[in-house]
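See below for the structure under consideration.
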Amino acid sequence: MNIVSVLLVFIVAFLAGVEGILDEFEFHQPLVACTLIGLVTGNAVPCIILGGTLQLMALGWANIGAAVSPDAALASVASAIILVKGGQGEAGVASAIAVAIPLAVAGLFLTMVIRTVSVAVVHQMDAAAEKANFGAIEIWQYIAICLQGLRIAIPALALCFVSDTLVANALNSMPAWLTEGMSIGGGMVVAVGYALVINMMATAETWPFFAIGFALAAVSDLTLIALGTIAVSMALIYLKLSESGGVVAAGGQGGTGDPLGDILDDYE
Amino acid sequence: MADKKVQLSKADRWSVCLRSTFLQGSWNYERMQNGGWCYAMIPAIKRLYTTKEEQSAALKRHLEFFNTQPYVAAPILGVTLALEEDRANGAPVEDAAIQGVKVGMMGPLAGVGDPVFWFTARPILAALGASFALTGSILGPIIFFVFWNILRMAFLWYTQEFGYNVGTAITKNLSGGLLGKITKGASILGMFVLGALVERWVSINFVKVVSSVTAELEPGHFIDWANLPAGSEGIHQALSQYAGGVSLEQTVTAVTTLQDNLNSLIPGLMPLLLTLLCMRLLKKNISPIMIILALFVIGIVLHLPFIGLL
């Protein structure tokens with residue numbers, strides 16, 4: 001990698017680190033972070049594929065309350081750099097993902113450290129508030145943000161300077177049973193993300209929709225967009241029906257000018 | 001109140017909205033989003049209060065504990081701006097009232113914001129983007145990034161304005177119908193899509209061979225290589241026979257894997273069971289990281305040549 005690429009990688013990694021805490025622009029999502037690393041190093045296509053694959057695994061990774069999810073930022077930035085340095089192109093995606101998961105755990109640990117250090121930062125803000133010093137509060141806010149950025153940028157920079165052959169050798173020394181097994185595991189790990197999401201959303205009322213989605217997905221002719229259209233339509237129909245059902249119940253009688261509601265009411 | 005002394009201009013409110021992007025920047029284990037919240041409020045505090053004492057009191061007021069989903073902080077900011085404006089104009093708005101509104105709203109709104117954004121909007125958009133990205137198309141990341149940020153910025157600005165306009169009445173408004181409907185519709189949509197994703201994208205393929213039947217085919221059902229005409233004529237005949245469904249070899253082996261049997265039962269049954277198992281484990285407070293690592297170990301072990309189940 002030349003010096004310009006390294007500099008750009010540093011910037012991308014910094015942005016990913018910042019977003020890992022802010023959760024606003026979503027630079028830290030694998031889809032975006034891996035693609036950007038790919039673009040600045042001239043390896044767009046394999047990195048986009050890596051991003052897409054990692055993204056599917058990371059769908060349910062979210063920071064809820066004080067809990068911190070596995071760190072998508074370090075996982076995607078570092079695995080993309082390793083993919084680029086390994087020089088295997090698309091063939092290297094599986095082994096790059098194998099590296100990404102332990103890194104997601106390492107990144108989780110790093111952000112917890114910074115979140116603890118930030119306690120000291122807000123105490124500095126308290127002192128500045130005492131003197132109504134607006135500028136100082138702003139500066140401390142920026143310092144805290146930069147710490148989160150450097151959390152990813154520094155490891156990324158270090159990875160850039162480890163020799164290419166070292167990275168390539170380490171990857172090539174991985175036996176097939178391990179990388180193949182890891183990619184089989186990767187196919188299953190997606191379920192954890194979905195399980196997290198379902199646990200948050202599932203109610204007795206919404207389970208039937210899960211079942212319909214599951215059954216329809218087996219029809220391989222339906223694209224994701226078609227499935228989405230069906231889902232939106234059903235949600236609208238359901239809301240409309242439950243609303244009119246509510247009106248009938250509240251009125252205590254039929255004749256609401258909603259024939260379907262009346263029919264449904266008669267069946268009860 | 002038409003004769004307010006000081007009022008927040010649209011530019012002030014826009015500035016607060018932009019700064020709320022950094023809400024989580026100094027997220028800490030003590031008071032969580034307090035630093036970012038105070039940072040976002042600075043343009044308003046500067047506009048509304050002129051004396052050092054008032055400014056200092058306002059800054060301290062907004063360095064109290066705060067934590068919610070970062071996007072739904074926008075309507076809370078809106079309400080708080082309205083309250084601070086009233087207070088600066090002499091209305092008897094106590095510190096406790098402002099704190100009460102913030103704390104009272106952050107919990108319920110996070111309950112809406114987390115599932116709607118983190119577990120519905122982002123997974124759906126990201127899955128859409130990823131499906132393009134898997135084919136190496138840059139359209140995937142672009143779709144995700146552009147749509148997400150349009151959605152987010154629009155939400156931040158309009159809900160903050162909504163909060164500002166409705167002011168203290170917002171809490172009543174949230175318990176009304178519209179928000180409930182949006183939440184319910186979003187969770188129906190989300191569950192449907194999740195059902196589809198579990199079927200399509202959780203992959204477990206049992207390659208273990210359960211039966212392997214070898215059969216000798218009758219003449220005419222396989223290409224009789226020995227008796228083909230020579231040259232291109234022969235190639236033509238072989239290809240047209242093959243296209244007509246004639247077998248290449250006399251002996252064929254029909255291999256049935258465990259997966260074939262499972263697919264004839266219910267396609268996607270194993271992914272579904274795995275997902276249900278994960279939900280159960282998560283409910284028992286087993287950390288997602290542990291489950292993820294365990295699944296990798298299972299994948300590697302079951303793939304080992306002498307087991308060969310997966």
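The values are calculated or read from the model by the stated rules, or taken from the named source; none is laboratory data. Remember, it's a predicted structure, so these values are computed and weren't measured experimentally. Cβ placement follows ideal geometry from the backbone for every residue including glycine, while neighbour counts extend to all protein chains displayed. Calculation scope for accessible area: heavy atoms of the full protein, side chains included, ligands and nucleic acids excluded. Shrake-Rupley method; radii C 1.70, N 1.55, O 1.52, S 1.80 Å.
Taking region B:289-302 as the region of interest, how many residues are open to solvent by 40 Å² or more (accessible area, probe 1.4 Å) and not small (G, A, S)? First the steps, then the outcome.
Keep residues of region B:289-302 that are open to solvent by 40 Å² or more (accessible area, probe 1.4 Å), which gives B:290, B:293-294, B:297-298, B:301-302.
Filter once more, keeping what is not small (G, A, S): B:290, B:293, B:297-298, B:301-302.
Number satisfying all stated conditions: 6.
Being farther than 29 Å from A:A136 by Cβ, hydrophobic (A, V, I, L, M, F, W, C) and crowded, with 22+ Cβ neighbours inside 10 Å is true for just one of B:A88, B:A133. Which residue is that?
So the residue among B:A88, B:A133 that is farther than 29 Å from A:A136 by Cβ, hydrophobic (A, V, I, L, M, F, W, C) and crowded, with 22+ Cβ neighbours inside 10 Å is B:A133.
Say we look at region A:20-62 and pick out the residues that are assigned to a helix (DSSP H, G or I) and more than 10 Å from chain B (Cβ to nearest Cβ); which of these is nearest to the chain's Cα centre (by Cα)? Lay out the reasoning, then the answer.
Step one: filter region A:20-62 for residues assigned to a helix (DSSP H, G or I), giving A:20-22, A:30-41, A:44-57.
Among the residues that remain, those that are also more than 10 Å from chain B (Cβ to nearest Cβ) are: A:37, A:40-41.
Details: A:I37: 16, A:V40: 21, A:T41: 22 Å.
In this case the residue turns out to be A:I37.
Return the residues of region B:195-235 that are acidic (D, E) and in contact (Cβ under 8 Å) with a residue 12 or more places away in the chain; say none if nothing qualifies. It would help to see each step written out before you state the result.
Our first condition is that a residue be acidic (D, E); within region B:195-235, this holds for B:199, B:216, B:218, B:224, B:233.
Result: B:E199, B:E216.
B:F206 versus (1) surrounded by fewer than 18 Cβ atoms within 10 Å (Cβ to Cβ); (2) within 14 Å of chain A (Cβ to nearest Cβ); (3) touching a strand residue (DSSP E or B) at 6+ places or on another chain (Cβ under 8 Å); (4) not β-branched (V, I, T): which is the lone unmet condition?
For B:F206, the exception is condition (1).
Within the set of pairs 6 or more residues apart or between chains, which connect a residue that is in a helix (DSSP H, G or I) inside region B:138-157 to a residue that is open to solvent by 60 Å² or more (accessible area, probe 1.4 Å) with Cβ atoms less than 7 Å apart?
Going by the 7 Å Cβ cut-off, the qualifying pairs are B:L139/B:F132; B:G140/B:F132; B:I143/B:F132; B:N149/A:F25.
Just for region A:202-224: of the residues that are in contact with a helix residue (DSSP H, G or I) (Cβ under 8 Å, 6 or more places away or on another chain) and either surrounded by 22 or more Cβ atoms within 10 Å (Cβ to Cβ) or among the β-branched types (V, I, T) (or both), which one is farthest from B:I188 (Cα to Cα)? Can you show your working first?
The first filter runs over region A:202-224 and keeps only residues in contact with a helix residue (DSSP H, G or I) (Cβ under 8 Å, 6 or more places away or on another chain), leaving A:202-203, A:205-207, A:209-218, A:222, A:224.
Checking which are either surrounded by 22 or more Cβ atoms within 10 Å (Cβ to Cβ) or among the β-branched types (V, I, T) (or both) leaves us with A:203, A:206, A:209-210, A:212-214, A:217.
On the way: A:T203: 10, A:T206: 5, A:F209: 6, A:F210: 8, A:I212: 11, A:G213: 10, A:F214: 13, A:A217: 16 Å.
The residue in question is A:A217.
Could you say which residue among A:S79, A:S69 is of a type outside the set (A, V, I, L, M, F, W, C) and modelled with pLDDT of 90 or more? Break it down into steps so the answer makes sense when it comes.
Numbers: A:S69 fails: modelled with pLDDT of 90 or more.
Just a single option satisfies the conditions, and that option is A:S79.
Here is a list: B:L273, B:L282, B:L269. Which entry is open to solvent by 60 Å² or more (accessible area, probe 1.4 Å) and at pLDDT 85 or above? Step through it out loud before you land on a result.
Values: B:L282 fails: open to solvent by 60 Å² or more (accessible area, probe 1.4 Å); B:L269 fails: open to solvent by 60 Å² or more (accessible area, probe 1.4 Å).
Selected residue: B:L273, the only one of B:L273, B:L282, B:L269 that is open to solvent by 60 Å² or more (accessible area, probe 1.4 Å) and at pLDDT 85 or above.
Please verify whether region A:15-32 includes one or more residues that are without any contact (Cβ under 8 Å) to a residue 60 or more places away in the chain, farther than 22 Å from B:I150 by Cα and aliphatic (A, V, I, L, M).
No, region A:15-32 has no match at all.
Taking the conditions exactly as written (in contact with a Leu (Cβ under 8 Å, 6 or more places away or on another chain) and free of Cβ contacts under 8 Å to residues at least 24 places away in the same chain), does B:G36 satisfy them or not?
Numbers: in contact with a Leu (Cβ under 8 Å, 6 or more places away or on another chain): yes; free of Cβ contacts under 8 Å to residues at least 24 places away in the same chain: yes.
Criteria met by B:G36.
When only residues in region A:196-217 that are of a type outside the set (A, V, I, L, M) and outside any helix (DSSP H, G or I) count, which is nearest to B:V198 (Cα to Cα)?
Applying the first criterion (of a type outside the set (A, V, I, L, M)) to region A:196-217 yields A:199, A:203, A:205-210, A:213-214.
Then keep just the ones that are outside any helix (DSSP H, G or I); that gives A:203, A:205-206.
Values: A:T203: 17, A:E205: 19, A:T206: 16 Å.
The qualifying residue nearest to B:V198 (Cα to Cα) is A:T206.
Quick check: anything in region A:105-114 open to solvent by less than 20 Å² (accessible area, probe 1.4 Å) and without any contact (Cβ under 8 Å) to a residue 60 or more places away in the chain? Let's see the steps before the verdict.
As a first pass, look at region A:105-114 and keep what is open to solvent by less than 20 Å² (accessible area, probe 1.4 Å): A:107, A:111.
Applying the additional criterion that residues be without any contact (Cβ under 8 Å) to a residue 60 or more places away in the chain yields none.
No, region A:105-114 has no match at all.
Counting only residues that are more than 24 Å from the chain's Cα centre (by Cα) and more than 10 Å from every other protein chain (Cβ to nearest Cβ), give me the helices (runs of 4 or more DSSP H) lying completely in region B:1-93 with at least 3 of them. First the steps, then the outcome.
Details: elements: B:10-19, B:34-48, B:52-61, B:73-88.
Ranges flagged: B:10-19, B:34-48, B:73-88.
Could you say whether any residue in region B:242-261 is facing another protein chain (nearest Cβ under 7 Å) and among the polar types (S, T, N, Q)? Can you show your working first?
So the first thing to find is which residues in region B:242-261 are facing another protein chain (nearest Cβ under 7 Å), and the list is none.
No, that holds for no residue.
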